[in-house]
Amino acid sequence: MAPNQKNILLIVSSVLAIAGSALWIYYHEFKGPKHNVALHRRVGEIMAEQTALQVGPKGHLVLLTIPLGAEPELRTQLEAFRRALRKLGDYDTKEHEFDPKDQPKYALGTGLSGRRFARAVKNNPKADAIVSFVGAPRLSEEDLAALTKVPKFIAESRSPDHLPKLFEKRLIQVAVVSRFVFPAPGPRKPKTPQQWFDKRYQIIEADAVKTIPKNEGTTE
């Protein structure tokens, strides 16, 4: 190779190396995730684990979500959920994405109405479970009357307020809820994903409903 060609190759290699370093720094310092990635990965994994516990090693699932554009935490959770679910069994998953333009209150862990939940149940009669990343519904008597047969229901919820009624009616099996019982278990300064989860979230099942404080927390 001629000296000039070697020099050109060295220059190009150096420029590419500098550009790569700059992009890495830009992404990690300015465009990198601003949320606790380890925590939200663990939330997604636990949603998958709880779903598998309720459904068994295979089944038909309906996943309720919203667009990911403004919800980086949801993106992390869903990626971890799907990855964990593939390891846990053989599941046929149908995803239904709600449009926040139709309902501005939709967000991670909140926004699912009783009417939308009843419609999801009606439109998916073969579902073994509905998994909601947009909360648990507050059901009216009309909504309840429309729910003649309900699949397993697993939900992530920001608030525990109206979960007791859902558990009482056996309309939900598991809820992953923002922590409301303190002190949280584990060290004060979490290090592992599970420790972060225990500090920020808790798993609620029917036998734990009595621990939910009345008239506290946010509403959906």
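The values are calculated or read from the model by the stated rules, or taken from the named source; none is laboratory data. Note that the structure is a prediction, hence the values are computed from the model and not measured. With ideal geometry, Cβ positions are generated from the backbone for all residues, glycine too; neighbour counts draw on all protein chains shown. Each accessible area value is taken on the protein alone, full model and side chains, heavy atoms only, with ligands, DNA and RNA left out. Shrake-Rupley method; radii C 1.70, N 1.55, O 1.52, S 1.80 Å.
Listed values, structure above:
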item: Extension reserve of the GLU168-LEU53 stretch, reckoned as 0.36 nm per residue once the Cα distance is removed; result: 39.4 nm
item: Estimated FRET transfer efficiency when R0 is 22 angstrom, pair LYS101-ASN123 (beta carbons, to 0.05); result: 0.60
item: Size of electric dipole in region 62-134: Cβ of Lys, Arg +1 and of Asp, Glu -1, about Cα centre, debye, nearest 20; result: 180
item: Accessible area in square angstrom per residue, region 67-146, 1.4 angstrom probe; result: 54
item: In nm, spacing of pseudo-spin labels at ALA206 and ARG83 (7 Å Cα→C-beta vector); result: 3.4
item: Debye, to nearest 20: dipole size of region 131-220, +1 on Lys, Arg Cβ, -1 on Asp, Glu Cβ; result: 500
item: Fraction of accessible area attributable to carbon and sulfur, region 56-199 (%, probe 1.4 Å); result: 50
item: Computed label-point distance, nm, for sites GLU141 and VAL37 using a 7 Å Cα→Cβ extension; result: 5.2
item: Alpha-carbon centroids, region 111-174 and region 64-81: separation in whole Å; result: 20
item: Gained length - LYS149 relative to THR192, 0.36 nm times residue gap less alpha-carbon distance; result: 11.5 nm
item: Calculated diffusion of region 66-160, Stokes-Einstein form, Kirkwood radius summed over Cα pairs, 10 °C and 1.306 mPa s, µm²/s; result: 112
